């Protein structure tokens, strides 16, 4: 979890998630909630983050719309994301905006 990371590592992940500044890919393993306009869909694990997106590990068979929301304890804002690719139970998403 992000709370268990060192101060410098935690700040790096928060910076990547909260802004669209140039940053390298960071491996992670923290939880998130997937939401649509209709409400909660499922939990996910955010396994990788960069300045523009992230990789999610989702429950088997999860189907999502092209655009959806991610809420994680790692950042106070809700992330609006768009699907970029899907391989099995993993999905790459592009961060569209932060609410």
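Couple of notes before you dig in:
- Estimated inter-spin distance, residue 40 and residue 97, nm [label 7 Å along Cα→Cβ]: 2.6
- Ranked packing of 60-67, 75-82, most packed first, by mean Cβ within 10 Å: 75-82, 60-67
- Segment 17-99 - convex hull of the alpha-carbon atoms, volume per residue in Å³: 85
- Each label was represented as a point 7 Å from its Cα along the Cα-to-Cβ direction; for residue 62 and residue 84 these points are 1.7 nm apart.
FYI, it's all coordinate maths here, none of it is from the lab. This one's a predicted model, so the numbers in the text were calculated from it and none came from an experiment. Neighbour counts are summed over all protein chains in view; Cβ atoms, including those assigned to glycine, are modelled from backbone coordinates with ideal geometry.
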